[in-house]
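Chemist: Structure incoming, see below.
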């Protein structure tokens, strides 16, 4: 068995995420309390109680998703479950780098807190939207964006085969969605996000984030198990992680290439760690070999089922 961890990104959040895990496991409580101490934010209350509009603020969303994934990771590691490769969608790449110990827990949490604040406060004013286009090839989605007359819109996330997210001004995104449907798209789904992420519109965010990244200690000896969003290739020891992560938020996510790299490297068991099953769905659309296992862990039930599958059970504490 060759395990790959997958970590979700912004948009996967929901009120109540992590609450049952927190109530059940002392290790989870320690992670949430540690994050709150580091950041000064009551991430437990925001995650468990909301309200939704507060959780959906970028400065809170990113930290909540990170904390949820890190808490589950703590339980997996305690029970001897580790990965040969890991990756995350956008924000999730930070979780992967923390898991790989390329960035320390404390510095990683502080960095994601700053990233969320920067992306909320420095995103240019405007009515921004993101939408997932289902059922078209990459070139067709690019064509749809190119035909838009009402404003700025570009492909932002190449998630998997037949699913690409576009990002930009709300009216332009809607127009691109209509054009995509005329080209044969099966579905256009608007996402729960609040900015033109992974586009040139976040250039100020990128510059500010680079300043924060320059303060972080990077361990390049352990980063090679993590697959980069920016090109779908594993990090190399010589890679400038700080520059890559700064460019990350103004460049498209190539998660299709990430998954292909993991499959080509023999990953046969994918464990999605965090709310939802979005990334698991991406794998299924890649038409992987029949022997691929896909597991989701987001609550106590799914955690315990996974432990049983691996022949262990987490200790209640």
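Chemist: If r is the Cβ-Cβ distance from residue 287 to residue 178 and R0 is 45 Å, what FRET efficiency results, to the nearest 0.05?
Modeler: 0.95
Chemist: How far apart, in nanometres, would the label points at residue 240 and residue 20 be if each is projected 7 angstrom from Cα along the Cα-to-Cβ direction?
Modeler: Between residue 240 and residue 20, the simple spin-label model gives 4.6 nm.
Chemist: Highest mean first, what order results for 284-294, 205-215 on Cβ atoms within 10 Å?
Modeler: Final packing ranking: 205-215, 284-294.
Chemist: Helix 255-264 versus the longest principal axis of the chain: what angle, 0 to 90°, nearest 10, using Cα atoms?
Modeler: Helix 255-264 sits at roughly 50 degrees to that axis.
Chemist: Going by average Cβ density within 10 Å per residue, which order do the peptides 182-190, 154-162 take, highest to lowest?
Modeler: 154-162, 182-190
Chemist: Please give the helix 203-213 orientation as an angle from the longest Cα principal axis of the chain, in degrees from 0 to 90, rounded to the nearest 10.
Modeler: 20
Chemist: Using only Cα atoms and rounding to the nearest 10 degrees, what angle (0 to 90) does helix 300-309 make with the longest principal axis of the chain?
Modeler: Rounded to the nearest ten degrees, it is 70.
Chemist: Under a crude label model (7 Å from the Cα following the beta-carbon direction), how far is residue 294 from residue 33 in nanometres?
Modeler: Placing both labels 7 Å along Cα→Cβ, they lie 3.8 nm apart.
Chemist: Calculate, in whole percent, how much of the Cα-Cα pair population of the stretch 239-304 lies beyond 17 Å.
Modeler: So the portion of pairs separated by more than 17 Å is 53 percent.
Chemist: Kindly give the semi-axes, whole Å and largest first, of the ellipsoid equivalent to the stretch 128-190, taking each as the square root of 5 times a Cα gyration tensor eigenvalue.
Modeler: Values: eigenvalues 48, 26, 19 Å².
Here the semi-axes work out to 15, 11, 10 Å.
Chemist: I would also like to ask the following. Counting only C-alpha contacts under 8 Å and six or more residues apart, can you give the relative contact order of the stretch 128-190 as a whole percent?
Modeler: Relative CO of the stretch 128-190 lands at 48 percent.
Chemist: Quick one: divide the alpha-carbon radius of gyration of the stretch 201-317 by 2.2 N^0.38 Å and tell me what you get.
Modeler: Relative to the 2.2 N^0.38 Å estimate, the stretch 201-317 comes out at 1.28.
Chemist: Which of the following values of Rg/Rh (Cα atoms, Kirkwood Rh) was calculated from the structure shown: [x] 0.95; [y] 1.10; [z] 0.97?
Modeler: [x]
Chemist: Something else about it: Just the number, please: percent antiparallel of the DSSP beta bridges in the chain, rounded to the nearest 5. Could the numbers behind the result be given before it?
Modeler: On the way: 18 of 33 bridges.
Restricted to the chain, the bridges split so that about 55 percent are antiparallel.
A short reminder: the numbers here are calculations on the coordinates, not readings from a lab. No experiment lies behind these values; they were computed from the predicted model shown. All Cβ positions, even for glycine, are placed from backbone atoms using ideal geometry, and neighbour counts span all protein chains on display.
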